[in-house]
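A short worksheet on the structure shown next.
Each value in this text was obtained by applying a stated rule to the coordinates, not by laboratory testing. Being a predicted model, the structure only gives us computed values, none of them experimental. Neighbour counts run over all protein chains shown; Cβ positions are idealised from the backbone, glycine included.
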Amino acid sequence: MTSIRKTVVSGSFYSNDKDELLGHIEKFNLKNIEKNELDANEEIACVKAIISPHAGYVYSGSTANKAYKKSAFMKPKRIIVIGPSHHVYLKGASVALYDEYETPLGNIKIDLDFSKELISKYDFLEFNVECEFEHSTETQAPFIKHYFENSKIVEIVYGDCSYKNLSLLIKELFLDKDNFIVISTDLSHFHNLEKAKKLDSFCLEGIKNKDIKLLGSCEACGKIGIKAILDVANKENMKTKLLDYCTSADYTNDKEKVVAYTSALIGE
């Protein structure tokens, strides 16, 4: 019997209707065309990873879509999604051990053998069934299904985990050219717009300049993942490219309690 990592935030964070969801992605792309944004990336010829937000699509979908759209020319065998746990405390990180990953656009095959192999190699990895309720990774799945239809998925949700451990894992993952990594994170939460932009500037500059020290002054729920990917980018002489920054105020006009989002490319 096929085991499935069921969707838990479709219908809330994003539409659970296939046609409606595809319509939203089409609108994101039309919005980018109207801004005269090119699909091709002139600076990074080989995209190895992206940083992508994980809020409701009405707020961060367009920002996330830019990273996926600009990476769509890559044809990875598997996509490893790494995101923070919001609901479950865990020491280390959990790797999903199911056969398939459910999305409204159709299920994605999970690379189960590869996932089991990772758990056997790294003592900070395990399988925690409670992590199947995590939205930081799930919100990436519809984009993955749409832009990387033939790729398998590996879901890693981390909790109390050293960025250095994740960095070692990511470095090994990059040894296989068939791997592509998604680092899921939102930025500052529930500050006024002025303070949010100030806090976020440290994170944006940190990503842009591959400066992990700057991240100490920023507020991001996926900061550990960002630190890990930047650590590897520095060691492997990779490039980073910021794509977008926005806040919930751009869509709600509420400038008193905003959440911020960014997307970026990492590669060669």
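Quick look at the numbers
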{"item": "Partner lysines for Lys197 [C-alpha distance under 16 Å; skip if fewer than 8 residues away on the same chain]", "result": "Lys208, Lys255, Lys257"}
{"item": "Out-of-range pairs (alpha-carbon distance over 22 Å; input Lys145/Lys177; Lys48/Lys69; Lys66/Lys235; Lys48/Lys109)", "result": "Lys66/Lys235"}
{"item": "Top of Asp123, Asp186, Asp111 by mean-square fluctuation, Gaussian network on the chain, Cα under 10 Å", "result": "Asp123"}
{"item": "Residue exposure sequence - Leu214, Leu265 - by fewest surrounding Cβ within 10 Å", "result": "Leu214, Leu265"}
{"item": "Theoretical gain in end-to-end length, Lys91 to Val58 [0.36 nm per residue, Cα-Cα removed]", "result": "8.7 nm"}
{"item": "Check: the chain dipole with +1 on Lys, Arg Cβ and -1 on Asp, Glu Cβ, in debye", "result": "640"}
{"item": "FRET efficiency, Ser12 to Lys235 (Cβ-Cβ, R0 41 Å, nearest 0.05)", "result": "0.60"}
{"item": "Segment Cys46-Glu268, length gained on full extension (0.36 nm per residue, minus Cα span)", "result": "79.4 nm"}
{"item": "Label-point gap, in nm, between Asp113 and Leu22 - each point 7 angstrom along Cα→Cβ", "result": "3.2"}
{"item": "Net lengthening on full extension, Phe133/Thr252 (0.36 nm per residue, minus Cα-Cα)", "result": "40.2 nm"}
{"item": "Relative contact order of segment 1-146, defined on C-alpha pairs under 8 angstrom at six or more residues apart (%)", "result": "35"}
{"item": "Pairwise FRET efficiency - Asn209 versus Glu126, Cβ, R0 = 41 Å, nearest 0.05", "result": "0.75"}
{"item": "Where labels lie 7 Å past Cα in the beta-carbon direction, separation of His189 and Leu175 in nm", "result": "3.6"}
{"item": "Whole-Å distance, taken between Cα centres, linking segment 77-130 and segment 243-262", "result": "29"}
{"item": "Sequence of Asp113, Asp178 once ranked by neighbouring C-beta atoms within 10 Å, starting from the fewest", "result": "Asp113, Asp178"}
{"item": "Highest-first arrangement of 244-257, 126-139, where packing means the average Cβ count within 10 Å", "result": "126-139, 244-257"}
{"item": "Percentage relative contact order, the chain, counting C-alpha pairs under 8 Å, at least six apart", "result": "27"}
{"item": "Partnerless cysteines, meaning none of the other Cys C-beta atoms lie under 4.7 Å away, in the chain", "result": "Cys46, Cys131, Cys161, Cys221, Cys246"}
{"item": "³J(HN,Hα), Karplus 6.51/-1.76/1.60, whole Hz, each residue of segment 196-212, x for Gly, Pro", "result": "4, 5, 5, 4, 5, 4, 5, 5, 5, 5, x, 5, 4, 9, 6, 10, 5"}
{"item": "Theoretical ellipticity at 222 nm over the chain - DSSP helices of four or more residues, -39500 (n - 2.57) apiece, nearest 500", "result": "-11000 deg cm²/dmol"}
